[in-house]
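The values are calculated or read from the model by the stated rules, or taken from the named source; none is laboratory data. Because the structure is a prediction, the values reported are computed rather than measured. Note that each Cβ is placed from the backbone with ideal geometry, even for glycine, and that neighbours are counted across all protein chains shown. Each accessible area value is taken on the protein alone, full model and side chains, heavy atoms only, with ligands, DNA and RNA left out. Shrake-Rupley method; radii C 1.70, N 1.55, O 1.52, S 1.80 Å.
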Amino acid sequence: MTKLMARTALGVPTVDVRPYDGGDREGVLRMRLSLRSLYHRFFAGTPHIPAFYAGTLDRVDHQDRDAVIAVAGPEVVGIAEYTRDTALPWVADIGVVVADPWHRQGVATRLIGNLTVSARRHGITELRADVLAGNRAARAAIHGLWPRALAARGDEGTVIYRLPI
């Protein structure tokens with residue numbers, strides 16, 4: 001578990017980052033996400049986190065499918081997860097979402113840092129991230145963490161990044 005000091009208008013609360021467990025599902029589903037944040041993460045207009053995503057959380061095994069969460073007190077403020085590619089077992093797809101009030105506070109960076117440690121420990125040497133081309137914040141974050149990230153145009157306005165770890 002790591003600590004992150006995140007600045008807010010109310011002071012400097014501590015954000016803990018730890019492995020996801022089944023008891024965190026409801027907290028993840030209650031994250032404060034705008035329609036824009038939901039669209040950027042799930043590539044579809046949805047008023048809340050989709051049911052299929054909640055189902056993927058039920059299959060976290062901390063090896064082929066792993067997740068870490070960021071919590072501030074009782075509130076889940078971010079989640080990052082990877083899913084190993086069965087055809088290329090050294091590669092995993094990564095996804096990250098941070099609650100809107102916590103954007104630009106370093107939460108995503110900390111989540112990714114913790115998740116990559118786990119991925120490396122399980123033999124994953126490359127992450128793959130599909131990002132909407134218009135999601136400038138995510139693209140800037142990727143280039144901040146991986147300045148030499150390889151990117152290719154994907155389908156339907158996405159950019160696919162290959163991120164060595």
How about region 128-158: which of its residues are among the aliphatic types (A, V, I, L, M) and out of contact with any helix residue (DSSP H, G or I) (no Cβ under 7 Å at 6 or more places or on another chain)? Ala133, Ala137, Ala140, Ile142, Leu150, Ala151, Ala152
Could you grab me the full set of residues in region 111-138 that are at pLDDT below 95 and of a type in the set (Lys, Arg)? Arg136
Pairing a residue in region 78-97 that is within 16 Å of His40 (Cβ to Cβ) with any residue that is among the acidic types (Asp, Glu) and at pLDDT 95 or above, where Cβ atoms lie under 6 Å and the two sit 6 or more apart in sequence or on different chains, gives Gly95/Glu81
When you check Ala80 against the structure, is it hydrophobic (A, V, I, L, M, F, W, C) and within 18 Å of Gly113 (Cβ to Cβ), yes or no? yes
Selection within region 93-142 - over 18 Å from Met31 (Cβ atoms) and in contact with an Asp or Glu (Cβ under 6 Å, 6 or more places away or on another chain): Ser118, Arg128
In region 73-85, anything closer than 12 Å to Val98 by Cα and small (Gly, Ala, Ser) is listed as Gly78, Ala80
Subset of region 87-105, residues in contact with a helix residue (DSSP H, G or I) (Cβ under 8 Å, 6 or more places away or on another chain), of a type in the set (A, V, I, L, M, F, W, C) and either at pLDDT below 95 or farther than 19 Å from Asp16 by Cβ (or both), comes to Ala92, Ile94
Which condition breaks for Tyr20 when tested against (1) free of Cβ contacts under 8 Å to residues at least 40 places away in the same chain; (2) within 21 Å of Ala92 (Cα to Cα)? (1)
Any hit, region 32-53, residues being touching a residue at least 12 places away in the same chain (Cβ under 8 Å), among the hydroxyl-bearing types (Ser, Thr, Tyr) and touching a helix residue (DSSP H, G or I) at 6+ places or on another chain (Cβ under 9 Å): yes
Restricting to region 120-160, name every residue that is in a strand (DSSP E or B) and under 14 Å from the mean Cα position of the chain (by Cα). Leu127, Arg128, Ala129, Asp130, Val131
Any chance you could count how many residues in region 140-165 are open to solvent by 70 Å² or more (accessible area, probe 1.4 Å) and at negative phi? 8
